[in-house]
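Here the structure comes first, spelled out in structure tokens, and everything after it is commentary.
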Amino acid sequence: MSARPRFEVADVFHKFGAQFLARFGASLLPVQRRVMRAIESCRTAALGGHVEACDACGHRRNAYNSCANRHCPKCQSLERVRWVEARSADLLPTHYFHVVFTLPEEIAHLALQNKRVVYGILFAATAETLISIASDPKRLGARIGLLAVLHTWGQTLTHHPHLHCIVPGGGLSADRSRWIRCRKRFFLPVKVLSWRFRTLFLDMLTAAFRRGDLSFHGQLSHLADPALFARFVARQSNLKWVVYAKRTFGSPERVLKYLGRYTHRVAISNHRITDISDSHVSFRWRDYNDHGSEKIMTITVDEFIRRFLLHVLPSGFHRIRSYGLLANSCRAANLDLIRRLLGVTVPPTNRLEHCRTANQILEVLTGLPTDRCPKCLNGRMRIIEIIPSLSRSAASCLTVPSQLAEPQRIRLDSS
């Protein structure tokens, strides 16, 4: 288990969140406010929890609840493990490809004001691009499946929306009677993918404009004019859109390792933050224009919070989606058919299928009981008190952990 980081995003919100809200709160969306409150309160008395005591030596410890917000750096580890383990049952005995679709800068600016619509178009255009090109008899001539994961950030927390697509190296024939493998080191031509992606995306974006689904504010207000929007789209159609196909992963085990790194990642992990001063935040980043060398960036607290909040997604928006053969509605049946065609009789198992709690997951992964007393190593930790959560109004006023009021406790033991 990795060491607990010295600095956390929560520390920034604890120390500077109130003053940031006082200056810029009027421009924040409700979902951004909720994310700030959730991360600040995560694993503190604000969210409640329980007290555990060892039934042998009496050792006690407090365990506070997690916020479970998908933007929280502390709340993604177990969810990632559970999700990746479930996907292990979907792996096929074939090589996989990694294809990345990136939006141009001006489209990215538009996306900030229309996240749900533009990110939705990004998913739809990407899936249609891969599926349509792969089904062309001149290319692969097969129906494929894919998993797409949305990332909206670059290494320095700037807005950089792109989709990571994980694609099996092959697909079903039109009559579903055979599995068609693609070449091990070549999936589909990148230039063709880029051209098709650009065309589909701009067509879908134009259709959304005509339906009145897009809104324009500030420096983009002029795009509400149909003529100016048409010029904007025409300008994008003359740009080169970046589609990058990475080399094959190799074994299915490497696919799982990769999925674990990418699927539940947030804009910045706590381990990347190196310092928090009275006015600035410093964090590590990799400069891929300089051979991936690691560097330190220092920005003001307000700029750090602003950049972090750029990547808060609309409520209910799914950032991981499956298409084609792997679509949720037909994935199980398609995987059964493909395995029969490939001669696979026993599919991978999901070890966590019946786990319902974090402790159950940890016990399966480590093989050790999670209720063992960390002090005497003999007794078992039992819940003896429930710590109620603070009211929402009280929790929203918190500034630093030391100022958390100790809430009234409800005892569960007989004393």
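Checking each residue in region 124-165 for being among the aliphatic types (A, V, I, L, M) and either under 30 Å from Ile273 (Cβ atoms) or assigned to a loop (DSSP other than H, G, I, E, B) (or both) picks out Leu140, Ala142, Ile144, Leu147, Ala148, Val149, Leu150, Leu157, Leu163.
Rundown of residues vs (1) touching a helix residue (DSSP H, G or I) at 6+ places or on another chain (Cβ under 7 Å); (2) in a helix (DSSP H, G or I), yes/no style:
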residue	(1), (2)
Ala46	yes, yes
His50	no, no
Cys75	no, no
Trp83	no, yes
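A quick yes/no check of all residues on (1) modelled with pLDDT under 95; (2) among the charged types (D, E, K, R); (3) not in a helix (DSSP H, G or I):
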| position | (1), (2), (3) |
| --- | --- |
| Leu21 | no, no, no |
| Arg33 | no, yes, no |
| Met36 | no, no, no |
| Gly58 | yes, no, yes |
| Ala63 | yes, no, yes |
| Ser66 | yes, no, yes |
| Cys72 | yes, no, yes |
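Yes or no: region 166-179 includes at least one residue that is of a type in the set (Ser, Thr, Tyr), surrounded by 12 or more Cβ atoms within 10 Å (Cβ to Cβ) and part of a loop (DSSP other than H, G, I, E, B). Taking every residue of region 166-179 in turn, at least one turns out to be of a type in the set (Ser, Thr, Tyr), surrounded by 12 or more Cβ atoms within 10 Å (Cβ to Cβ) and part of a loop (DSSP other than H, G, I, E, B). Among the residues of region 138-149, is there at least one that is free of Cβ contacts under 8 Å to residues at least 60 places away in the same chain, touching a Gly at 6+ places or on another chain (Cβ under 7 Å) and closer than 30 Å to Thr345 by Cβ? Within region 138-149, one or more residues are free of Cβ contacts under 8 Å to residues at least 60 places away in the same chain, touching a Gly at 6+ places or on another chain (Cβ under 7 Å) and closer than 30 Å to Thr345 by Cβ.
For (1) outside the structural domain of Arg331 (by TED's automatic domain parsing); (2) crowded, with 17+ Cβ neighbours inside 10 Å, each residue gets a yes or a no:
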| position | (1), (2) |
| --- | --- |
| Ala63 | yes, no |
| Leu78 | yes, yes |
| Val100 | no, no |
| Glu105 | no, no |
| Ala108 | no, yes |
| Ala111 | no, yes |
| Thr129 | no, yes |
| Gly154 | no, no |
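For region 88-96, the criterion of being surrounded by fewer than 19 Cβ atoms within 10 Å (Cβ to Cβ), in contact with a strand residue (DSSP E or B) (Cβ under 6 Å, 6 or more places away or on another chain) and modelled with pLDDT under 90 is satisfied by at least one residue.
Taken across region 401-410, residues that are more than 28 Å from Asp11 (Cα to Cα) and at pLDDT below 70 do occur, with at least one present.
Within the set Ala56, Ala46, the sole residue that is small (Gly, Ala, Ser) and crowded, with 17+ Cβ neighbours inside 10 Å turns out to be Ala46.
Looking only at strands (runs of 3 or more DSSP E) that fall completely inside region 233-338, which ones have 2 or more residues that are modelled with pLDDT of 90 or more, of a type in the set (Ser, Thr, Tyr) and over 22 Å from the mean Cα position of the chain (by Cα)? In region 233-338, 293-300 are the strands (runs of 3 or more DSSP E) which contain 2 or more residues that are modelled with pLDDT of 90 or more, of a type in the set (Ser, Thr, Tyr) and over 22 Å from the mean Cα position of the chain (by Cα).
Given the criterion of a type in the set (D, E, K, R) and modelled with pLDDT of 95 or more, identify the matching residue among Arg139, Arg211, Arg185, Arg181. On inspection, the qualifying residue turns out to be Arg211.
The values are calculated or read from the model by the stated rules, or taken from the named source; none is laboratory data. Computed from a predicted structure; not experimentally measured. Glycine gets a Cβ as well: all are built from the backbone with ideal geometry, and neighbour counts include every protein chain shown.
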